[in-house]
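Accompanying notes for the structure given below.
The values are calculated or read from the model by the stated rules, or taken from the named source; none is laboratory data. This is a predicted model, so every value here is computed, not measured. Because the Cβ atoms are built from the backbone with ideal geometry, glycine has one as well, and the counts that use them run over all protein chains shown. Each accessible area value is taken on the protein alone, full model and side chains, heavy atoms only, with ligands, DNA and RNA left out. Shrake-Rupley method; radii C 1.70, N 1.55, O 1.52, S 1.80 Å.
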Amino acid sequence: MKKLHRYYLKELTLNALISGVVLFGIVLISFVYRGLTRAQGFGFAAAAEITLYMAADSLQHLMPIALLFATVLTFARASRDREITAIRAAGISPRTALVPAMLLGILVSLFAMQVFHQIAPEFHFRKFRVVADGIRKLMSSTGMMTDRFETQNLLMTWDRKTPDNHWHEVIIRVLRKQPELGPFEAGVFLADEAWIEDSGDDVLTMAFRNPRNIASATAGPSSLPEFTRISVSLRSIVADEELRKEDERDQTSDQLLSEVYRGVHKRPITAEYTVARRTCFGLLPALLAPIGFCIGVMSRDRGRVTALVFSLVPLCLFYFADFFGTQFVRATEQPLFAYTAAVVLALAGIPFCWRLLRL
């Protein structure tokens, strides 16, 4: 039995790796245009980084599908070559051949749980940060390449820029008073010097030396501090949909649950649903392993292409159930409906596999 298990486990693992690489490559190519579009003006490296993050964000879908295809192809080949028939003729239950598929499915599920709960949220977050980080690095390292800086409520020009990226003889025009602009009211101001300091995720911190209102430049001392700092939002520099606040998909499951249990999360139902849905997708490889085994064995004389077509049925069933589960959560505010897809797939798969596996 051990030799039989090793034989199928080796073939399953190889097919799963090949299927995963092929599917990931297809997804990677499909995201190239979107990556180039979002990284326009920031070079090939930024486009490649965005494309890679987009493809990696789809791992929760690729991993179960790759395992299903690998299982179907492996046992469709074994059934066509009459290996399953030989196993039965030797008085061995088909469940023996199922053991390697279940073992690989459980291992992939355990790995998927770690990826979906801890790693995939970082991929999802990073794909929206490449452009923002590029803007921040450009401004921090070059101090802008022209003599003009403009946001929604601030326009700034300067006479010269020193090698250390400090601007001198600065003219600031504030279009509208905003809290992030600090003490600057609407109007025109002068400053001897300005520069960019370290910034946070969504803002640039700009410092001004000796700022004063142009009306008081010759009429008395300025009411502004000698050193004034303001925060400029990256959203106001470029109108880019990637610059957005974090949501539940950007946070790991332990972060979400800790906020829910401490009562500080603004949308606890959504947070619990997100965690439960990740778990549901993590269970998918283990659920698909026996279904893929039965599809492969039953397609003995129909070919592997037909077997792959049949394998789309449980996938469609799962995703339809996942859609309706989301609607149930919205209607009832019960996050446990996130497991609807896994329950439906299990209930549909048990009778399908029963006839073959009970022998």
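Residues checked against (1) among the hydroxyl-bearing types (Ser, Thr, Tyr); (2) at pLDDT below 85:
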residue: 64; (1), (2): no, no
residue: 69; (1), (2): no, no
residue: 85; (1), (2): yes, yes
residue: 90; (1), (2): no, yes
residue: 97; (1), (2): no, no
residue: 117; (1), (2): no, no
residue: 129; (1), (2): no, yes
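In the stretch 97-108, how many are surrounded by fewer than 22 Cβ atoms within 10 Å (Cβ to Cβ) and touching a residue at least 12 places away in the same chain (Cβ under 8 Å)?
4
Does residue 329 meet the test of being under 18 Å from residue 276 (Cβ atoms) and assigned to a helix (DSSP H, G or I)?
yes
Going by what's in this entry, would residue 307 be described as under 29 Å from the mean Cα position of the chain (by Cα), crowded, with 18+ Cβ neighbours inside 10 Å, assigned to a helix (DSSP H, G or I) and of a type in the set (Gly, Ala, Ser)?
Judged against the criteria, residue 307 is not a match.
Tell me the residue from 133, 202, 159, 164 that is in contact with a Ser or Thr (Cβ under 8 Å, 6 or more places away or on another chain), modelled with pLDDT under 85 and either open to solvent by less than 40 Å² (accessible area, probe 1.4 Å) or of a type in the set (Asp, Glu) (or both), please.
Exactly one residue qualifies, and that residue is 202.
Identify the residue in the stretch 243-264 that is farther than 17 Å from residue 120 by Cα and modelled with pLDDT under 85 and, among all such residues, is most open to solvent (accessible area, probe 1.4 Å).
245
Kindly indicate the residue of the stretch 329-359 that is open to solvent by less than 30 Å² (accessible area, probe 1.4 Å) and closer than 18 Å to residue 61 by Cα and also farthest from the chain's Cα centre (by Cα) among those meeting that condition.
Only one residue fits best here, namely 345.
Can residue 282 be described as small (Gly, Ala, Ser), crowded, with 21+ Cβ neighbours inside 10 Å and in contact with a Phe, Trp or Tyr (Cβ under 7 Å, 6 or more places away or on another chain)?
Yes: the conditions hold for residue 282.
If you check residue 112 against the conditions, is it within 18 Å of the chain's Cα centre (by Cα) and small (Gly, Ala, Ser)?
It is true that residue 112 is within 18 Å of the chain's Cα centre (by Cα) and small (Gly, Ala, Ser).
Would you please name the residue that is least open to solvent (accessible area, probe 1.4 Å), looking only at residues in the stretch 294-304 that are farther than 15 Å from residue 70 by Cβ and touching a residue at least 12 places away in the same chain (Cβ under 8 Å)?
303
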